[in-house]
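Participant: Sharing a structure here in structure tokens format.
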Amino acid sequence: MLKYILKRIGGGVVTLFIVITLSFFMMRLAPGGPFSKDRAYPPEILRNIEAKYHLDKPLLVQYGIYLERVIFHFDLGPSTRYADRSVNELIASGFEYSARIGLGALIFSVFVGLCAGLIAALNHNKFLDYFPMSISMIGVSMPDFVLANILMLVFALQLGWLPVAGIDSFSGYILPSATLGLIFASSIARLTRGGMLEILGQDFVRTARAKGLSQRTILWRHTLKGGLVPVVSYLGPAIASMMTGSLIVEKVFNIPGLGRFFVDSATNRDYTLAMGSVIVFAVLIIALNIFVDCVYGLLDPRVTYD
Amino acid sequence: MTNKGNAAQTFTSEDSRVAARDQRSLWHDAFKRLVKNRAAVVGFIFVVSMVIAAIVGPNISQFSYEEQDYSRVNNPPFVMDIQKFSQEKFVDLIPEDFVKIGGVYFNQRHFLGTDDLGRDLLVRILYGARISLAVGFLAAIVSLFIGVFFGALAGYVGGFVDAQITRLIDTLYALPYMFFVILLMAVAGRSFYLLFIAIGAVSWLTTARIVRGQVISLKNSEFIEAARASGTGHAGILFYHLIPNTIGPIIVFFSLLIPRVMLEEAFLSYLGLGVQAPMSSWGSLVADAQNNVTLYPWMVIFPGLALTLTLFSLNFFGDGLRDALDPKLKGKQ
């Protein structure tokens, strides 16, 4: 097990290195730079600024400087767009909001998805199966920005229960988290249903029934763990997509989170900020995937690590 | 002895009688099952009508997708009270444009209303359908070709090549690729072609895995041996014998890939990284109207609805196709 975890972490570091290298050169090889604006600086000032950010050195040297700073000092460098603010500061400020929305969405989606999936599986081919599954099909097909707008128009504008945008209070987090959560709840519900139906049809469940165990014991003790294996393996990539999804939700609800930085910085050629965002997202995604794969083995004893 | 022989004979004659009565191939069977699936049929009809509307609609409409009309800015598709609407939403409506049906004034000039530059929303949605559907199909085809190529190569050649390709696929799977696409679109300019190449280039991984698995399981079977014995070359075996046999799972995957790709295109366009104005796609139409959604919600709702219904139909059709081609899977996913 320990060997497996170490191996996965090693693989994760390699992936992260590829991410950093690819995005570094992809950004640099594109035309334009952070200081090529409509109103050009005089050449001597431009030279000074570029020297400050090491932009005057050869590309490979810049790459070396960047890697050294990131790896040994965890320093993502100064932002070229927001003068005198470091990328670490900017990302920390945005991450706070994104993390809260992401966490809310995760809790929401797992709770709603599991409940809906279990209800559907236990009422196989009845109304309580078809109804939640039809709704989940809408959830799978509906883009997050459409759902976000619909929820906003209904709950904030028509009913006036929740704020339209902004996150000054707790209630401001409900709509963004619910939007993001509902999309993933649909997939979780479908996977839960599929996994549970498969387990419930197996011989040992029939034995348990024949033994006279109650439905509740069968559900909690014998089947839930096995039935949820597909859900757990889905959660790793899902959490990653929740982060990309948060780009959208942050835009709709006007939240100053990580997502907005990422798109804006890439468009403005703010090299360090864009790179920093990619690195933070990549670290999160890689770490979560490793974590989920480790949990996977705890749930399903048939999975062996080697 | 005789009994046994008799039984065998009855069985064969019975069998041939069945065969003579009704020739049923895999495809015929699958088609029958598909037609029985009402949701899949409705989904298919909806998608086909959407494609036809996207091709024909913008040409027969009296408005063009970029024609601006400053006397009819932000006009709604329907309104309860023209006077009140004008005051509340800061819009001057021309009463002749509206026809009263059952207490509601419907816009008879622009059926779905107009946007902030007075452009006809219906035509813009249909024009956006062209872009969204084209990107969906083209990007899915791009990814299909890349995926089939690498998957078939890895599966057929095996050994070192297989190990390297599999490793490449595994590495790429671990990358947060959507961030790369965003980065690529942001730094390399926002062209229509780049859009589907970028999306297609990152969605081939699963296709490659499916094809590789199929090819590996088939390449040692008797009919491949026979082909080889009769002197068919590697290319012939690959293209005439192996790839056609992977077509079932590929069709299913392809039909479910299209809505996924369309969703990604909408996502990029919504972030402002897809097609640029005055062209429109469903994602960019929603994004453009986003800032005033509280005042003029129809500009967000109609393109959003078009996108959702199309994805919904494509998913239903894809699901139906999967159930039809592989009945064992039914209800599992």
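The values are calculated or read from the model by the stated rules, or taken from the named source; none is laboratory data. Nothing here was measured: the structure is a model prediction, and the numbers come from that model. Because the Cβ atoms are built from the backbone with ideal geometry, glycine has one as well, and the counts that use them run over all protein chains shown. Note: areas computed on protein heavy atoms with side chains; ligands, DNA, RNA excluded. Shrake-Rupley method; radii C 1.70, N 1.55, O 1.52, S 1.80 Å.
Participant: Go through B:Ser269, B:Ser284, B:Ser255 for me and flag whichever is more than 9 Å from chain A (Cβ to nearest Cβ), in contact with a Phe, Trp or Tyr (Cβ under 8 Å, 6 or more places away or on another chain), under 22 Å from B:Thr207 (Cα atoms) and assigned to a helix (DSSP H, G or I).
Facilitator: After ruling out the rest, the residue left standing is B:Ser255.
Participant: When you scan the stretch A:141-213 for helices (runs of 4 or more DSSP H) that lie fully inside it, which ones turn up with 3 or more residues that are more than 26 Å from B:Val261 (Cα to Cα)?
Facilitator: Counting at least 3 such residues, we get A:171-200, A:203-210.
Participant: It is to be established whether one or more residues within the stretch A:79-93 are within 14 Å of another protein chain (Cβ to nearest Cβ), out of contact with any helix residue (DSSP H, G or I) (no Cβ under 7 Å at 6 or more places or on another chain) and at positive phi.
Facilitator: no
Participant: What pairs come up if the first residue lies in the stretch A:46-62 and is more than 13 Å from A:Thr272 (Cβ to Cβ), the second is at pLDDT 75 or above and assigned to a helix (DSSP H, G or I), and their beta carbons are under 6 Å apart, counting only those six or more places apart or on different chains?
Facilitator: A:Leu59/A:Arg28
Participant: Taking the stretch A:90-132 only, how many residues are not charged (D, E, K, R) and not in a helix (DSSP H, G or I)?
Facilitator: Initially, the stretch A:90-132 is screened for residues not charged (D, E, K, R), giving A:90-95, A:97-99, A:101-125, A:127-128, A:130-132.
Next, from what is left, pick out any that are not in a helix (DSSP H, G or I): A:123-125.
Final tally of qualifying residues: 3.
Participant: Being within 25 Å of B:Tyr296 (Cα to Cα) and within 14 Å of another protein chain (Cβ to nearest Cβ): is that true of A:Leu197 here?
Facilitator: Details: within 25 Å of B:Tyr296 (Cα to Cα): no; within 14 Å of another protein chain (Cβ to nearest Cβ): yes.
The answer is no for A:Leu197.
Participant: Does the stretch A:148-158 contain at least one residue that is open to solvent by less than 20 Å² (accessible area, probe 1.4 Å), in contact with a Gly (Cβ under 6 Å, 6 or more places away or on another chain) and without any contact (Cβ under 8 Å) to a residue 40 or more places away in the chain?
Facilitator: No: zero hits.
Participant: In the stretch B:184-203, which residue that is over 18 Å from A:Phe262 (Cα atoms) and assigned to a loop (DSSP other than H, G, I, E, B) is modelled with the lowest pLDDT?
Facilitator: Ranking the qualifying residues of the stretch B:184-203, first place goes to B:Ser191.
Participant: Further, regarding this structure: Got at least one residue in the stretch A:60-73 being in contact with a helix residue (DSSP H, G or I) (Cβ under 7 Å, 6 or more places away or on another chain) and open to solvent by 60 Å² or more (accessible area, probe 1.4 Å)?
Facilitator: Checked the stretch A:60-73: no residue is in contact with a helix residue (DSSP H, G or I) (Cβ under 7 Å, 6 or more places away or on another chain) and open to solvent by 60 Å² or more (accessible area, probe 1.4 Å).
Participant: Let me ask you something else. With aromatic (Phe, Trp, Tyr), open to solvent by 30 Å² or more (accessible area, probe 1.4 Å) and within 14 Å of another protein chain (Cβ to nearest Cβ) as the only criterion, which of B:Tyr240, B:Tyr193, B:Tyr173 stands out?
Facilitator: Answer to the check: B:Tyr173.
Participant: B:Phe254 fails exactly one of the following numbered conditions: (1) at positive phi; (2) at pLDDT 80 or above; (3) of a type outside the set (A, V, I, L, M). What is the number of that condition?
Facilitator: Every listed condition holds for B:Phe254 apart from (1).
Participant: Filter the stretch B:300-329 for residues that are within 11 Å of chain A (Cβ to nearest Cβ) and modelled with pLDDT under 80 and give the result.
Facilitator: Correct list: B:Asp319, B:Leu329.
Participant: How many residues does the stretch A:113-147 contain that are open to solvent by 20 Å² or more (accessible area, probe 1.4 Å) and small (Gly, Ala, Ser)? It would help to see each step written out before you state the result.
Facilitator: Restricting attention to the stretch A:113-147, the residues satisfying the condition of being open to solvent by 20 Å² or more (accessible area, probe 1.4 Å) are A:114-116, A:118-119, A:122-128, A:130-135, A:138, A:140, A:142, A:144, A:147.
Filter once more, keeping what is small (Gly, Ala, Ser): A:116, A:134.
Adding up the residues that qualify gives 2.
Participant: Testing A:Tyr305 on (1) over 16 Å from the mean Cα position of the chain (by Cα); (2) modelled with pLDDT under 80; (3) in a helix (DSSP H, G or I), one condition comes back false. Which one is that?
Facilitator: With respect to (1) over 16 Å from the mean Cα position of the chain (by Cα); (2) modelled with pLDDT under 80; (3) in a helix (DSSP H, G or I), A:Tyr305 is out only on (3).
Participant: Looking at A:Ser171, A:Ser79, A:Ser86, A:Ser109, which is the one that is touching a residue at least 60 places away in the same chain (Cβ under 8 Å), open to solvent by less than 60 Å² (accessible area, probe 1.4 Å), among the small types (Gly, Ala, Ser) and more than 28 Å from A:Tyr234 (Cα to Cα)? Working first, answer last.
Facilitator: Working: A:Ser171 fails: touching a residue at least 60 places away in the same chain (Cβ under 8 Å); A:Ser86 fails: touching a residue at least 60 places away in the same chain (Cβ under 8 Å); A:Ser109 fails: more than 28 Å from A:Tyr234 (Cα to Cα).
Testing whether each residue is touching a residue at least 60 places away in the same chain (Cβ under 8 Å), open to solvent by less than 60 Å² (accessible area, probe 1.4 Å), among the small types (Gly, Ala, Ser) and more than 28 Å from A:Tyr234 (Cα to Cα) leaves just A:Ser79.
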